[in-house]
1. Output the number of residues of the stretch A:151-177 satisfying the condition of being open to solvent by less than 20 Å² (accessible area, probe 1.4 Å), more than 18 Å from A:P135 (Cα to Cα) and in a helix (DSSP H, G or I).
2. So which of B:L207, B:L216 is surrounded by 16 or more Cβ atoms within 10 Å (Cβ to Cβ), within 16 Å of DNA strand D (Cβ to nearest atom) and under 21 Å from B:R73 (Cα atoms)?
3. I'd like to verify a number: residues in the stretch B:226-248 that are hydroxyl-bearing (S, T, Y), under 10 Å from the mean Cα position of the chain (by Cα) and more than 10 Å from chain A (Cβ to nearest Cβ), how many?
4. Does the stretch A:133-143 contain at least one residue that is charged (D, E, K, R) and outside any strand (DSSP E or B)?
5. State which residue pairs qualify: first residue without any contact (Cβ under 8 Å) to a residue 24 or more places away in the chain and within 11 Å of chain A (Cβ to nearest Cβ) and inside the stretch B:56-83, second residue near DNA strand C (Cβ under 6 Å from one of its atoms) and among the hydrophobic types (A, V, I, L, M, F, W, C) in any location, beta carbons under 6 Å apart, and separation of 6 or more residues or different chains.
6. Which one is farthest from the chain's Cα centre (by Cα) among residues in the stretch A:172-202 that are of a type in the set (S, T, Y) and at the interface with chain B (Cβ under 10 Å from one of its Cβ atoms)?
7. Looking for whichever is over 23 Å from the mean Cα position of the chain (by Cα), among the aliphatic types (A, V, I, L, M) and surrounded by fewer than 14 Cβ atoms within 10 Å (Cβ to Cβ) here; the options are B:A24, B:A46, B:A62. Which one fits?
8. Which number in (1) within 14 Å of another protein chain (Cβ to nearest Cβ); (2) away from DNA strand D (no atom under 12 Å from the Cβ) marks the one condition that B:L36 misses?
Number of protein chains: 2
Amino acid sequence: MKPAGTASAALARGQGIALWRQIAAAMETDIGAGKLGPGARLPTEAELSARFAVNRHTVRRAMEELEGRGLVRIEQGRGSFVAEDVLDYPVGPRTRFSETIRRQNREPQGRMVRIEELPAEAGVAETLKLRRGRPVVLAERLGLVDGRPVVLGSHWFSAARFPGIAALLAEDPSVTRALALLGVPDYRRQVTRITARMPTPEEAALLEQSRTRPVLVTEAVNVDPEGQPVEVSFACYAAGRMQIVVES
Amino acid sequence: MKPAGTASAALARGQGIALWRQIAAAMETDIGAGKLGPGARLPTEAELSARFAVNRHTVRRAMEELEGRGLVRIEQGRGSFVAEDVLDYPVGPRTRFSETIRRQNREPQGRMVRIEELPAEAGVAETLKLRRGRPVVLAERLGLVDGRPVVLGSHWFSAARFPGIAALLAEDPSVTRALALLGVPDYRRQVTRITARMPTPEEAALLEQSRTRPVLVTEAVNVDPEGQPVEVSFACYAAGRMQIVVES
DNA sequence: ACAAATTTGTTCGTATGTATG
DNA sequence: ACATACATACGAACAAATTTG
């Protein structure tokens, strides 16, 4: 008996339907039916060509089709994987992690990784309009969607302007709620700068991603209604799980 | 006689000014004076510690200071380099490569790498509102700033809607001008999706960048004043030479 | 695919000078 | 004068990343 839940090896030869189309259709069924979840590893091309009793080229043609349609991701030397749906992260004046995720019918979570008070170094001090060396609070938070880590954010606040924010964030990882309790009921994202780089070992571990895949990095400045900067944040997104979307 | 144009080795010991500060100041002078241009390789820590007759730690302390101030970039295993200014690429409804670069007082250039007519595959066909297999024109263009490649863009157009666009782009790499000649005097960027990945060997070669550094990838849809899509483009930016900026 | 050379990063330990009380 | 804390400086060894052969 053949294993349940895998594509059948029964192909119709010489019936006018190319073998690779049948294979692609069979695998699409498996993926669509959820038998192979997002991110799951597909059998190797060698295994598939044995199972379907065809040449490896035929399997490759089928896989290329699926990759072109965005259903699978093929990585040279590693294998093939069911494509994970890429979450959209729209940036705009009202960018908020939790709201954004919930709007896509996913479950956001936040977990504080580190909270510290430090003297401000040049860059952060300048954007927060503080003098160098003034105390700032650094809060590092891991953002998860449906239990999978997708973003690691470093948030910087003036310790003088927001006394006790470290304790608040330790209790509840929501930046929005912490600022609300400290007299900033609303804030606006003024500017977002986006770059990419390789993750540090620590970032890769927290994001549960390969060290050979890059992270998208955003630097965002949030300001209060008077235009005063209240927060600077640097966020690393696992590229391939998130894409940043700008609607114009 | 000591070589001209390099930081002097004459340090004042025991005069109340820390050696590492003197070293940092000396190197800052060299960089500021333009003796070391952007991107230039700095001497190794070993060379500098010999030149200044100090321990490597002392040189490192000076370099850390300069890196913290954004003057140099230090890369493990490679060396230290004079920081290059990162170009801003603002995205919005009126995003145009050449205008953007010129506004930063830099000289933009474009060079066509490839122009081809192909049958549309699923993704492009859908965003251009064409049927799969309809002819589309693919134009690959390298964008340069001050002679350095910074972006490699793949632009897709409907061959039926824009007859002769391949020839026009071959003559003049400006997408804006080509579309103007074909009856679209103005267009608007509707949406931009941003991700990151490792470059292909070809992309790395064209962008003159290491294969171990990621590229920022944007997918942009440009529409005419009636809202009809006229172009879809995928652009790879050399991360570290360009950052995408979203003003809200 | 592997090894060697180069370069920066980290962690010990030690010693000295300076400001503070 | 003394103790303490802190910044500075040197030395050695090893780890990690990159480049080259």
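The values are calculated or read from the model by the stated rules, or taken from the named source; none is laboratory data. From a predicted model like this one, the values you see are computed outputs, not experimental measurements. Neighbour counts run over all protein chains shown; Cβ positions are idealised from the backbone, glycine included. These accessible areas exclude ligands, DNA and RNA; they are computed on the full protein's heavy atoms, side chains included. Shrake-Rupley method; radii C 1.70, N 1.55, O 1.52, S 1.80 Å.
1. Selection size over the stretch A:151-177: 1.
2. Testing whether each residue is surrounded by 16 or more Cβ atoms within 10 Å (Cβ to Cβ), within 16 Å of DNA strand D (Cβ to nearest atom) and under 21 Å from B:R73 (Cα atoms) leaves just B:L207.
3. Residues flagged as hydroxyl-bearing (S, T, Y), under 10 Å from the mean Cα position of the chain (by Cα) and more than 10 Å from chain A (Cβ to nearest Cβ) within the stretch B:226-248 amount to 0.
4. yes
5. Close Cβ pairs satisfying both conditions: B:E67/B:I74.
6. A:T192
7. Result: B:A46 is the single residue among B:A24, B:A46, B:A62 that is over 23 Å from the mean Cα position of the chain (by Cα), among the aliphatic types (A, V, I, L, M) and surrounded by fewer than 14 Cβ atoms within 10 Å (Cβ to Cβ).
8. All conditions pass for B:L36, except number (1).
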